[in-house]
1. Regarding the range 140-148, can at least one residue be identified that is in contact with a Gly (Cβ under 8 Å, 6 or more places away or on another chain) and of a type in the set (S, T, N, Q)?
2. Which residue is surrounded by the most Cβ atoms within 10 Å (Cβ to Cβ), if the candidates are limited to the range 1-33 and must be of a type in the set (A, V, I, L, M) and not in a strand (DSSP E or B)?
3. Can you tell me which of K75, K81, K38 is modelled with pLDDT under 90 and surrounded by 12 or more Cβ atoms within 10 Å (Cβ to Cβ)?
4. With (1) surrounded by fewer than 15 Cβ atoms within 10 Å (Cβ to Cβ); (2) within 13 Å of the chain's Cα centre (by Cα); (3) within 14 Å of the ligand (Cβ to nearest atom) as the list, and S115 as the residue in question, which single condition is left unmet?
5. Check whether at least one residue in the range 45-68 is aromatic (F, W, Y) and in contact with a helix residue (DSSP H, G or I) (Cβ under 9 Å, 6 or more places away or on another chain), and report yes or no.
6. Test R105 against the stated conditions and say whether it is of a type in the set (D, E, K, R), away from the ligand (no atom under 14 Å from the Cβ) and crowded, with 18+ Cβ neighbours inside 10 Å.
7. Pick out the one residue from Y138, Y88 that is more than 16 Å from the ligand (Cβ to nearest atom), at negative phi and of a type outside the set (D, E).
8. All but one of (1) in contact (Cβ under 8 Å) with a residue 24 or more places away in the chain; (2) exposed (fewer than 14 other Cβ atoms within 10 Å of the Cβ); (3) under 20 Å from the mean Cα position of the chain (by Cα) hold for T70; which doesn't?
Amino acid sequence: MLINDPEFGEVIVRKSPLSRNIKFSISTSGRLQMSVPKYTSVFLAKRFLNSNRKMIREKLPLKDPSMQRTRDYQKKILMKKAKEYLPYRLEYMAKRYGYSYDKCRLTHANTRWGSCSSNRTISLNIGLMKVPEPLRDYVILHELAHLNHMDHSKAFWAEVGSHDKNYKLHEKRIKMFSPGV
Ligand SMILES: [Zn+2]
């Protein structure tokens, strides 16, 4: 549920069967988030928000509501770009280096560029559309190599290195970017 607040912008209201009190926090998107007991009405949530304005202003590092909107928009554009590119690039790279995976999934986690699961699904972060192409390809290759080695063992790195001789540099460079959108 969302409350549109004139001061804080979109406020996320999460109903939690476990919470007994109303708690305020910041969501990953930078919005104000309230977790409330299951049967809290919108009216009550709004009233609680009003009576805590001063505390929220002082205690919580909120982003400007117009920045939230810009961010949502950027995320949408990035997702569109990613959909049109990443699954095809993954397919191409897999063919080129002789890998077969099952599915490609696009994510927007804040912490990881990609992952490879034991059921051979490769997840790629849409934030990859913001990094230089060699680094993007490196991440794809890294995840493909995990199809054969589900760890970061010597054998894993040897396999990555056999396809990308600059892998050490790429691994270092990608750390200078943040996957969060
Ligand atoms: Zn890895």
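1. Narrowing the range 140-148 to residues in contact with a Gly (Cβ under 8 Å, 6 or more places away or on another chain): 140, 142-143.
Checking which are of a type in the set (S, T, N, Q) leaves us with none.
Among the residues of the range 140-148, not one is in contact with a Gly (Cβ under 8 Å, 6 or more places away or on another chain) and of a type in the set (S, T, N, Q), which makes the answer no.
2. In the first step, residues of the range 1-33 are kept if they are of a type in the set (A, V, I, L, M); the result is 1-3, 11-13, 18, 22, 26, 32.
Next, only the ones that are not in a strand (DSSP E or B) stay: 1, 18, 22.
Details: M1: 12, L18: 7, I22: 16.
Checking each candidate, the answer is I22.
3. Numbers: K81 fails: modelled with pLDDT under 90; K38 fails: surrounded by 12 or more Cβ atoms within 10 Å (Cβ to Cβ).
It is K75.
4. S115 satisfies every listed condition except (1).
5. Keep residues of the range 45-68 that are aromatic (F, W, Y), which gives 48.
With the extra rule that they be in contact with a helix residue (DSSP H, G or I) (Cβ under 9 Å, 6 or more places away or on another chain), the set shrinks to none.
No; the residues of the range 45-68 include none that is aromatic (F, W, Y) and in contact with a helix residue (DSSP H, G or I) (Cβ under 9 Å, 6 or more places away or on another chain).
6. On the way: of a type in the set (D, E, K, R): yes; away from the ligand (no atom under 14 Å from the Cβ): yes; crowded, with 18+ Cβ neighbours inside 10 Å: no.
It is false that R105 is of a type in the set (D, E, K, R), away from the ligand (no atom under 14 Å from the Cβ) and crowded, with 18+ Cβ neighbours inside 10 Å.
7. Details: Y138 fails: more than 16 Å from the ligand (Cβ to nearest atom).
When all the criteria are applied, what remains is Y88.
8. The number of the failed condition is (1).
The values are calculated or read from the model by the stated rules, or taken from the named source; none is laboratory data. All values reported here derive from a predicted model rather than from experimental measurement. Note that each Cβ is placed from the backbone with ideal geometry, even for glycine, and that neighbours are counted across all protein chains shown.
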